[in-house]
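For reference, the structure discussed in these notes is given below.
Computed from the coordinates by the stated procedures, all read-outs in this text should not be read as laboratory data. Since we're looking at a predicted model, the values are computed, not measured.
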Amino acid sequence: MPRHCATCSRTESEAKFYGDFCEFCMKDKIFNGLPEEIEIRTCKRCERIWTGTRFTAPTKKAVDEALHLRLKGYSIDVKEYNGDTVTVELGKDLKDGTITTEKSLKVLQDKVVCGDCYKRASGYWEACIQLRGGEARVAKTAERIEKYVGHTGAFITKSENAPNGIDIYVSDKKTVNEMVLYFHMKPITTYTLYGVKQGRRVYRNTYSIHL
């Protein structure tokens, strides 16, 4: 005798079964409680999204991570995201296999200011690069530094003309340390106490480079 769904009485010839229920009734049981809207935290300045560990560009992977903060217990495959809506395939692993459904959700953007944008707006910097030498060499080196920093997560807060050179203020001293090694520079480095954070002294670094 063919098996019948415990809810709708469909038979195994009409639908795939998951335990005592056909795939249609099982979908109703699992996915009926899904929301119609989903909140994604978004920086109102740079439009990057919060993934639970960082703000990043809204790539497919990042949107997937952001949705996992709100839709727990499902596998998530992002099909489309445009900032206003997101279409996803949701899956649930069951004893008889994985059951999936596709759903479009309205995106509610929780607008905030990310840490990087706050630092930019407040003029934050950790490292000052003092370039000194001939005008052409200083200009060329400053351009190389700008390109290098632009490819990292750091940023140049400001640049100021100085006697025989230029001072470049950078948001992250770790980035500058790595850059100095990359370009085989040999700066004279000094350290200035900036403050105390969580009981630890915080220093700003100054890198004097003569070209």
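The figures follow:
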| read-out | value |
| --- | --- |
| Mean Cα-pair separation over length for the chain, i.e. relative contact order, pairs under 8 Å, 6 or more apart, % | 15 percent |
| Principal axes of the chain: Cα extent on each, largest first, Å | 93, 31, 31 |
| Candidates 100, 56, 190, ranked by Gaussian network fluctuation over the chain, Cα under 10 Å, top entry | 190 |
| Choice from 52, 33, 133 showing the highest fluctuation, given a GNM over the chain with Cα pairs closer than 10 Å | 33 |
| Scattering curve values for the range 123-210, log₁₀ I(q)/I(0), Debye with Cα scatterers, q = 0.11, 0.16 Å⁻¹ | -0.29, -0.60 |
| Spread of Cα-to-Cα distances over 5 Å intervals beginning at zero, given as percent, for the range 20-132 | 2, 10, 19, 18, 13, 11, 8, 6, 4, 3, 2, 1, 1, 0, 0, 0 |
| Whole-Hz couplings from phi, Karplus 6.51/-1.76/1.60, listed for the range 115-131; x for Gly and Pro | x, 5, 5, 5, 5, 4, 5, 8, x, 5, 8, 10, 9, 10, 9, 9, 8 |
| Euclidean distance of C-alpha centroids, the range 55-84 and the range 147-181, integer Å | 33 Å |
| Antiparallel bridges, percent of DSSP beta bridges restricted to the range 123-210 (to nearest 5) | 80 percent |
| Helix-only mean residue ellipticity at 222 nm for the chain, each DSSP H run of n ≥ 4 adding -39500 (n - 2.57), per residue, nearest 500 | -7500 deg cm²/dmol |
| Spatial separation of Cα centroids for the range 1-44 and the range 189-211, in angstrom | 59 Å |
| 3J(HN,Hα) from dihedral phi, the range 171-183, Karplus parametrisation 6.51/-1.76/1.60, rounded to Hz, x for glycine, proline | 5, 9, 6, 4, 4, 5, 4, 5, 5, 4, 5, 4, 8 |
| Amide hydrogen neighbours beyond the local backbone of residue 172, cut-off 5 Å, H modeled | 126, 127, 155 |
| Bridge type composition, the chain - antiparallel percent by DSSP, nearest 5 | 75 percent |
| 5 Å binning of all Cα-Cα separations within the range 170-211, expressed as whole percents from 0 upward | 6, 20, 25, 25, 13, 8, 3, 1 |
| The range 34-113: antiparallel DSSP beta bridges as a percent of all, rounded to 5 | 75 percent |
| Relative contact order (%) - the range 123-210, alpha-carbon pairs under 8 angstrom, separation at least six | 37 percent |
